[in-house]
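The values are calculated or read from the model by the stated rules, or taken from the named source; none is laboratory data. The shown structure was predicted, so the numbers you read here are calculated from the model rather than taken from an experiment. Note that we place each Cβ from the backbone using ideal geometry, even for glycine, and neighbour counts take in every protein chain shown.
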Amino acid sequence: MDLLFDTGAASHWLRGHGVRRAPATLRKLRCIGGGPLYRLFNGRPYYTEQDLVDWVEARLSTPRGNTSEADPAVPPAEITTRRKRRRSSAIALASRRACPAETEAR
């Protein structure tokens, strides 16, 4: 059986491997999606080391020698047309709300 990490321990493990993610960020990603896979035990979320490694590796780019090298994941047309957009107040407000499905005690 794999070693299980609760949210705080998963955050600490990630930090020890150079990825700074607060426990609150992991809780939010569980709610909105995009975080590492997790399992529930007695209603509490737990992560395995392999799921944390897979999550980090899925977000890493390919090695680059300089900033001029294009990201193969982004089509060339998007590179020249991408601009920062301000988040609407409704989206910003929604992102600050707590996840109603979150059951972990803080």
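Some observations on this one:
- Members of the stretch 34-49 found to be part of a strand (DSSP E or B) and either touching an Asp or Glu at 6+ places or on another chain (Cβ under 7 Å) or surrounded by 14 or more Cβ atoms within 10 Å (Cβ to Cβ) (or both), listed by number: Arg44, Pro45, Tyr46, Tyr47, Thr48
- Condition met for Ala101 (out of contact with any helix residue (DSSP H, G or I) (no Cβ under 7 Å at 6 or more places or on another chain), exposed (fewer than 14 other Cβ atoms within 10 Å of the Cβ) and either at pLDDT below 85 or not in a loop (DSSP other than H, G, I, E, B) (or both)): no
- Hits in the stretch 38-52 - residues which are over 10 Å from the mean Cα position of the chain (by Cα) and hydrophobic (A, V, I, L, M, F, W, C): Leu40, Phe41
- Flag for Val74 being modelled with pLDDT of 95 or more and surrounded by 10 or more Cβ atoms within 10 Å (Cβ to Cβ): no
- Checklist (1) modelled with pLDDT of 85 or more; (2) exposed (fewer than 10 other Cβ atoms within 10 Å of the Cβ); (3) touching a Lys or Arg at 6+ places or on another chain (Cβ under 9 Å) applied to Pro63, failing item: (3)
- Test: residue in the stretch 50-58 that is modelled with pLDDT of 95 or more, surrounded by 10 or more Cβ atoms within 10 Å (Cβ to Cβ), of a type outside the set (Ser, Thr, Tyr) and not in a helix (DSSP H, G or I): no
- Selection from the stretch 13-27 of residues that are of a type in the set (D, E, K, R), within 23 Å of Ser61 (Cα to Cα) and part of a helix (DSSP H, G or I): Arg15
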